[in-house]
1. Among the listed residues G74, G63, G92, which satisfies the condition of being on the phi > 0 side of the Ramachandran plot and at pLDDT 85 or above?
2. Could you check the stretch 343-354 and list, in sequence order, the residues that are among the small types (G, A, S) and either open to solvent by 60 Å² or more (accessible area, probe 1.4 Å) or closer than 22 Å to V429 by Cα (or both)?
3. If a residue must be open to solvent by 10 Å² or more (accessible area, probe 1.4 Å) and more than 17 Å from T233 (Cα to Cα), how many such residues does the stretch 123-148 contain?
4. Read through the list (1) touching a Lys or Arg at 6+ places or on another chain (Cβ under 9 Å); (2) touching a residue at least 12 places away in the same chain (Cβ under 8 Å), then give the number of the only condition that V349 fails.
5. When you scan the stretch 286-304, how many residues do you find that are closer than 18 Å to V348 by Cα and open to solvent by 10 Å² or more (accessible area, probe 1.4 Å)?
6. Out of the helices (runs of 4 or more DSSP H) lying entirely within the stretch 149-245, which hold 3 or more residues that are open to solvent by 50 Å² or more (accessible area, probe 1.4 Å)?
7. What pairs can you find where one residue is in the stretch 54-82 and part of a helix (DSSP H, G or I) and surrounded by fewer than 23 Cβ atoms within 10 Å (Cβ to Cβ), the other is acidic (D, E) and at pLDDT below 90, and their Cβ atoms are less than 8 Å apart, with a gap of 6+ or different chains?
8. Could you tell me whether M273 is at pLDDT 90 or above and assigned to a helix (DSSP H, G or I)?
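The values are calculated or read from the model by the stated rules, or taken from the named source; none is laboratory data. Please read all numbers here as calculations on a predicted model, not as lab measurements. All Cβ positions, even for glycine, are placed from backbone atoms using ideal geometry, and neighbour counts span all protein chains on display. Quick note on the areas: whole protein, heavy atoms, side chains included, nothing else; ligands and nucleic acids left out. Shrake-Rupley method; radii C 1.70, N 1.55, O 1.52, S 1.80 Å.
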Amino acid sequence: MPEPDPADPQRGGVSAGQASVPDSAAPAAAAPAASTPDTDAPRAPAPRPKRTRLTRGDAVRLGALSLLEVVAWGILYYAMIVAAPEVARETGWPVLAVTSAFSAGLVASAIAGIPVGRMLDARGPRTVMTAGTALGVAGVVGVALAPNLWVFLAAWIVCGLAQSTLLYQAVFTVVIRRHGAGTQLPLTVLTLAGGLASTVFAPIVAALLGGLDWRATFLVLAGILAVVALPVTWFSLERRWPERRAAASTPEPADPVRAVLRTRRFWMLEITMLGIVAASFSATLAAVPLYMEKGFGFELAALALGLIGAGQVVGRLLFLVVPRRVAPWMPLAIVAVVTAVCLGLLAVVPGPPWLLVAIGMLAGAVRGAQTLVQASAVADRWGTRSYGAINGVFAAPVTIMMALAPAIGPAVAGGVGGYAAMTAIMAGVALVAAFTARAS
């Protein structure tokens with residue numbers, strides 16, 4: 001049964017881990033930023049009370065969402081990363097064409113996330129995410145049966161539309177609308193589950209490919225997605241959000257998204273996050289050639305890349321201890337500064353190998369924390385009532401940047417003469433983002 005959203009966004013909204021202002025303090029708390037013209041005006045951060053405990057029902061529904069993330073990320077994202085070489089070998093299509101079709105799906109996911117966010121706000125998650133799951137099943141079946149590269153591309157675009165309803169952006173909306181107060185723990189659990197998807201599904205996909213051809217493998221994966229995800233989305237998600245009575249002192253604007261988009265604060269937040277993502281992902285995803293440039297063998301460089309991924313888990317756990325009385329821009333600035341320091345060290349430190357691996361793991365930890373800082377950024381500034389719609393607009397360019405990042409690093413490295421030089425440039429990009437964070 002759906003439970004009421006504990007956050008009342010008409011009293012200023014809540015951030016991830018930030019509760020709404022008590023009734024007695026409502027006049028002083030004023031409206032959410034999106035409800036007033038002066039959304040760029042400096043304001044003190046709202047007090048963050050102690051983290052609320054999850055009820056048993058909340059814990060069950062969080063477990064269901066976590067299972068959904070493992071399966072959705074594993075099938076709609078990591079499966080093709082594992083299978084791409086085999087797909088290219090069996091079909092004769094170029095590996096670049098196969099991975100480009102997958103990347104096109106990611107771009108489609110970013111664009112579709114904008115209307116999906118609005119639908120999640122307006123209609124609740126059950127219908128939207130169940131329909132997205134069915135679309136994902138159809139898309140994976142389309143991938144498996146694609147007779148040529150063009151149909152394969154179209155099927156991945158369908159999968160991208162499904163990704164916009166099932167991956168982090170959508171479930172973050174569910175968690176922040178559902179839990180209002182105390183979202184740090186649920187958000188951390190969900191991203192840890194998403195991080196486990198590769199650990200769970202990479203060997204599953206590899207084992208399936210060992211006994212089946214790639215088309216049969218993806219048909220099996222489509223079946224897993226249907227059997228697991230359809231019941232989760234239909235039975236564990238709210239049919240609709242509870243209605244909220246608007247307070248007289250905090251009128252909701254006719255179009256809160258447009259009101260936010262007119263602010264300098266939003267665009268500085270967007271620029272800052274794009275800078276962090278471009279720097280962090282472009283450099284860390286190119287870690288293998290960077291480490292080999294510094295004398296690592298291929299096997300050790302690949303192991304070091306894996307440890308960067310493991311570092312993300314640590315970074316997400318650290319999100320649980322983020323100070324609870326800080327301005328919303330500070331976590332963003334800290335992530336940017338530490339990213340700049342880590343990438344700068346990776347660029348200039350010659351060795352020994354253990355030190356470079358340790359620096360890479362720290363860079364991975366910061367990348368893991370960035371996911372959660374991004375998730376809470378909109379709620380921290382503009383509350384939860386229109387979180388899905390505002391976050392859809394905010395996250396679309398960031399998602400596209402993530403899709404392009406694997407190509408950005410090698411392209412820049414080719415232009416500047418090496419991966420160490422590229423990493424130094426990305427450190428500079430992150431440092432600029434640290435300065436723009438204050439204006440967000």
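1. Numbers: G74 fails: on the phi > 0 side of the Ramachandran plot; G63 fails: on the phi > 0 side of the Ramachandran plot.
Just one listed residue meets the conditions, G92.
2. In the first step, residues of the stretch 343-354 are kept if they are among the small types (G, A, S); the result is 344, 347, 351.
G344, A347 - these are the residues of the stretch 343-354 that are among the small types (G, A, S) and either open to solvent by 60 Å² or more (accessible area, probe 1.4 Å) or closer than 22 Å to V429 by Cα (or both).
3. Just the residues of the stretch 123-148 that are open to solvent by 10 Å² or more (accessible area, probe 1.4 Å), to begin with: 123, 126-128, 130-131, 134-135, 137-138, 141-142, 145, 147-148.
With the extra rule that they be more than 17 Å from T233 (Cα to Cα), the set shrinks to 141-142, 145, 147-148.
The total comes to 5.
4. The number of the failed condition is (2).
5. If we filter the stretch 286-304 for residues that are closer than 18 Å to V348 by Cα, which is where we start, we get 286-296, 301, 304.
Next, only the ones that are open to solvent by 10 Å² or more (accessible area, probe 1.4 Å) stay: 288-289, 292-296.
Going through the stretch 286-304 one residue at a time, the tally reaches 7.
6. Details: elements: 149-166, 168-179, 184-211, 214-236.
Passing ranges, in order: 149-166, 184-211, 214-236.
7. From residues that are part of a helix (DSSP H, G or I) and surrounded by fewer than 23 Cβ atoms within 10 Å (Cβ to Cβ), the pairs are G57/E3; D58/E3.
8. On the way: at pLDDT 90 or above: yes; assigned to a helix (DSSP H, G or I): yes.
Judged against the criteria, M273 is a match.
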